[in-house]
């Protein structure tokens with residue numbers, strides 16, 4: 001193992017000793033109980049299984065057969081989750097063949113950030129993660145299950161399901177993905193049309209045509225954003241059937257992988273193979289997820305989400321851990337927005353399996369961890385193939401890259417360090433996705449232009465007042481202020497200005513997500529302005545230096561002036577808007593209680 005990986009793992013273990021120990025004690029106590037149907041009262045048992053066929057009731061109660069929960073995020077709103085409609089019947093059929101029973105324990109909400117991008121609904125997006133975690137808990141709290149299959153793919157859904165499942169750490173769990181949509185209009189071409197639209201060079205009809213050609217069918221969006229980063233991390237954590245992440249929803253192999261997930265879960269529900277998720281997800285597995293994120297230039301959202309995921313298992317991590325791991329992690333993949341390939345091309349070039357194998361072999365990832373399959377994490381360095389209708393096999397990937405413009409070996413990486421970087425200074429702590437930003441833009445020094453909303457920046461762009469070098473400081477976008485929306489709508493205008501030769505950058509306590517692109521963006525600034533963070537001190541004209549090489553983010557204002565400045569407060573009119581409409585009233589408690597981005601934006605601690 002690389003010394004830095006061992007050092008970070010050891011300090012996480014030491015830091016988490018008390019919370020992890022208490023968590024495992026609760027898991028062990030739950031495991032020690034009699035199974036659900038045996039310990040519950042007769043009325044409870046009758047209610048739990050009232051709607052099941054008689055044969056299934058007999059299996060559960062008399063034969064003590066395994067009863068599996070399905071928690072699904074199916075809806076028709078998300079292209080990635082629409083394929084889940086038929087999964088419960090498929091899972092139930094496979095379980096019956098294997099002598100087990102299945103109940104859909106519950107559904108969880110799942111919203112599409114692509115639909116709500118730039119709109120008020122996006123202000124519920126981050127909080128939907130903890131809502132999903134609570135929905136998962138409600139589903140599993142009927143407490144009659146021997147294991148759980150978790151059906152989810154996209155941005156907040158997988159972290160929410162994982163947080164919820166870890167609060168039922170005594171249960172073996174397997175995640176069941178649905179796969180990406182087929183390749184449509186390239187992400188590069190789509191982004192070009194967006195920039196043309198921002199400049200008024202094409203109309204709405206042309207923009208809609210391009211967007212519809214890019215997002216055109218069932219499955220996840222094909223860029224390497226948060227949804228597809230989720231799948232990469234679950235593979236690295238050993239929570240999928242190996243190689244399940246990026247197989248198309250309608251491929252024959254997808255059904256075989258879904259059936260295999262049932263067999264996999266049954267293999268860890270009892271006997272020598274028993275492996276509850278709370279024991280499986282230890283500090284080494286969390287580090288593996290962090291390394292996989294860094295090695296692929298994945299979504300910046302996971303510097304929030306995986307802090308919360310780890311905490312759900314009693315493990316405490318922070319952004320310094322990510323930064324130290326990044327310095328020891330080679331960048332092995334270039335997938336849009338870090339390159340031109342989409343996730344289907346990434347999969348064809350070796351995908352998660354190639355990356356995981358290289359990370360294990362180079363000592364950047366712990367290979368000696370438990371997974372949901374008996375062979376351990378090495379099995380995730382292979383690819384599945386359908387040997388017959390009832391049997392899958394896994395084969396080794398070639399030693400050399402199939403396409404070295406998309407994936408590389410650890411001894412010839414795209415970069416010696418990972419794709420994300422921590423920034424610190426008098427503006428707070430922030431993160432930047434350096435893998436998507438050309439090296440000549442890793443340092444930007446320019447006067448600040450301060451905005452309290454993204455709409456203010458868009459209006460300034462349309463008015464033509466941003467034709468200069470500047471750093472856009474967009475504040476009051478953090479979790480407590482307005483739910484920390486993604487600020488994707490700012491990418492096209494800032495990209496246009498950058499393309500015209502201006503030095504531009506974004507500094508915000510909001511999010512930019514996994515699709516953070518070519519514009520330098522210091523995001524998740526903590527503490528946020530709403531909680532008295534230093535972004536509230538910035539004034540128009542202050543010289544701001546974003547230095548991704550040195551890892552600094554600072555307002556170049558003399559210390560005395562900086563110390564004497566009062567912090568701006570959220571205008572009353574904006575606070576009123578943030579708190580009302582489209583259900584935002586229902587999330588007021590979350591806005592009041594939410595922790596900082598670096599603390600995982602948790603609302604439940």
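Given (1) at pLDDT 95 or above; (2) closer than 21 Å to residue 235 by Cα; (3) assigned to a loop (DSSP other than H, G, I, E, B); (4) in contact with a strand residue (DSSP E or B) (Cβ under 9 Å, 6 or more places away or on another chain), where does residue 154 come up short, assuming only one miss?
The single condition residue 154 does not satisfy is (1).
Within the range 112-124, how many residues turn out to be under 22 Å from residue 83 (Cβ atoms) and surrounded by 22 or more Cβ atoms within 10 Å (Cβ to Cβ)? Break it down into steps so the answer makes sense when it comes.
So in the range 112-124, the residues under 22 Å from residue 83 (Cβ atoms) come out as 112-116.
Filter once more, so that each one left must be surrounded by 22 or more Cβ atoms within 10 Å (Cβ to Cβ): 113.
Number satisfying all stated conditions: 1.
I'd like to check something: does the range 170-180 contain any residue that is out of contact with any helix residue (DSSP H, G or I) (no Cβ under 8 Å at 6 or more places or on another chain), under 30 Å from residue 263 (Cβ atoms) and touching a residue at least 60 places away in the same chain (Cβ under 8 Å)?
No, that holds for no residue.
Would you check which residues across the range 89-112 are out of contact with any strand residue (DSSP E or B) (no Cβ under 6 Å at 6 or more places or on another chain) and part of a helix (DSSP H, G or I) and list them?
The answer is 89, 90, 93, 94, 96, 97.
Please go through the range 570-602 and give me each residue that is part of a loop (DSSP other than H, G, I, E, B) and surrounded by 13 or more Cβ atoms within 10 Å (Cβ to Cβ), ordered by number.
570, 579, 582, 594, 595, 596, 600, 601, 602 - these are the residues of the range 570-602 that are part of a loop (DSSP other than H, G, I, E, B) and surrounded by 13 or more Cβ atoms within 10 Å (Cβ to Cβ).
Can you tell me which residues in the range 315-367 are over 29 Å from residue 247 (Cα atoms) and either outside any helix (DSSP H, G or I) or without any contact (Cβ under 8 Å) to a residue 12 or more places away in the chain (or both)?
If the condition is that a residue be over 29 Å from residue 247 (Cα atoms) and either outside any helix (DSSP H, G or I) or without any contact (Cβ under 8 Å) to a residue 12 or more places away in the chain (or both), then 315, 316, 317, 318, 327, 328 are the ones that fit.
Need at least 2 residues that are in contact (Cβ under 8 Å) with a residue 12 or more places away in the chain and over 22 Å from the mean Cα position of the chain (by Cα) per element, so show me which strands (runs of 3 or more DSSP E) inside the range 482-555 make the cut, counting only ones lying wholly within it.
Values: elements: 504-508, 521-526, 543-547, 552-555.
Fully inside the range 482-555 and qualifying: 504-508, 543-547, 552-555.
Within the range 386-402, count every residue that is over 25 Å from residue 148 (Cα atoms) and either in contact (Cβ under 8 Å) with a residue 60 or more places away in the chain or assigned to a strand (DSSP E or B) (or both).
Adding up the residues that qualify gives 4.
Would you mind stating whether residue 127 is modelled with pLDDT of 95 or more and in a helix (DSSP H, G or I)? Spell out how you get there, then give the answer.
Working: modelled with pLDDT of 95 or more: yes; in a helix (DSSP H, G or I): yes.
It is true that residue 127 is modelled with pLDDT of 95 or more and in a helix (DSSP H, G or I).
Kindly establish whether residue 27 is at pLDDT 90 or above and under 37 Å from the mean Cα position of the chain (by Cα).
The answer is yes for residue 27.
Of the numbered conditions (1) in a helix (DSSP H, G or I); (2) free of Cβ contacts under 8 Å to residues at least 12 places away in the same chain; (3) under 28 Å from residue 341 (Cβ atoms), residue 378 fails exactly one; give the number of that condition.
Unmet condition: (2).
So, of the residues in the range 470-481 that are in contact with a helix residue (DSSP H, G or I) (Cβ under 6 Å, 6 or more places away or on another chain) and in a loop (DSSP other than H, G, I, E, B), which turns out to be surrounded by the most Cβ atoms within 10 Å (Cβ to Cβ)?
My answer is 478.
Listed residues 4, 10, 46; which is under 35 Å from the mean Cα position of the chain (by Cα), in a helix (DSSP H, G or I) and free of Cβ contacts under 8 Å to residues at least 40 places away in the same chain? Let's see the steps before the verdict.
Details: 4 fails: free of Cβ contacts under 8 Å to residues at least 40 places away in the same chain; 46 fails: under 35 Å from the mean Cα position of the chain (by Cα).
Answer to the selection: 10.
Filter the range 50-85 down to residues that are under 36 Å from the mean Cα position of the chain (by Cα), in contact (Cβ under 8 Å) with a residue 12 or more places away in the chain and assigned to a helix (DSSP H, G or I) and give me whichever is nearest to residue 166 (Cα to Cα).
84
Out of everything in the range 277-314 that is in a loop (DSSP other than H, G, I, E, B) and buried (at least 24 other Cβ atoms within 10 Å of the Cβ), what residue ends up being farthest from the chain's Cα centre (by Cα)? Lay out the reasoning, then the answer.
Within the range 277-314, the first condition is being in a loop (DSSP other than H, G, I, E, B), and the residues that meet it are 281-282, 297-301, 313-314.
From what's left, buried (at least 24 other Cβ atoms within 10 Å of the Cβ): 281, 297-301, 313-314.
On the way: 281: 16, 297: 12, 298: 9, 299: 7, 300: 8, 301: 6, 313: 17, 314: 19 Å.
Within the range 277-314, the match that is farthest from the chain's Cα centre (by Cα) is 314.
Against the conditions (1) assigned to a helix (DSSP H, G or I); (2) under 25 Å from residue 298 (Cβ atoms); (3) touching a helix residue (DSSP H, G or I) at 6+ places or on another chain (Cβ under 8 Å), where does residue 262 fall short? Just the number, please.
Among (1) assigned to a helix (DSSP H, G or I); (2) under 25 Å from residue 298 (Cβ atoms); (3) touching a helix residue (DSSP H, G or I) at 6+ places or on another chain (Cβ under 8 Å), residue 262 violates only (2).
Just to confirm my filter: which helices (runs of 4 or more DSSP H) fall fully inside the range 169-236 and include at least 2 residues that are assigned by TED's automatic domain parsing to the domain that holds residue 19, in contact with a strand residue (DSSP E or B) (Cβ under 7 Å, 6 or more places away or on another chain) and under 19 Å from residue 157 (Cα atoms)?
226-236
Conditions: (1) under 28 Å from the mean Cα position of the chain (by Cα); (2) surrounded by fewer than 23 Cβ atoms within 10 Å (Cβ to Cβ); (3) in contact (Cβ under 8 Å) with a residue 60 or more places away in the chain. Residue 447 meets all but one. Number of the miss?
Every condition holds for residue 447 apart from (1).
The values are calculated or read from the model by the stated rules, or taken from the named source; none is laboratory data. Remember, predicted model here, so these are calculated numbers, not experimental data. Here the Cβ is made from the backbone with ideal geometry for all residues, glycine too, and neighbour counts use every protein chain on show.
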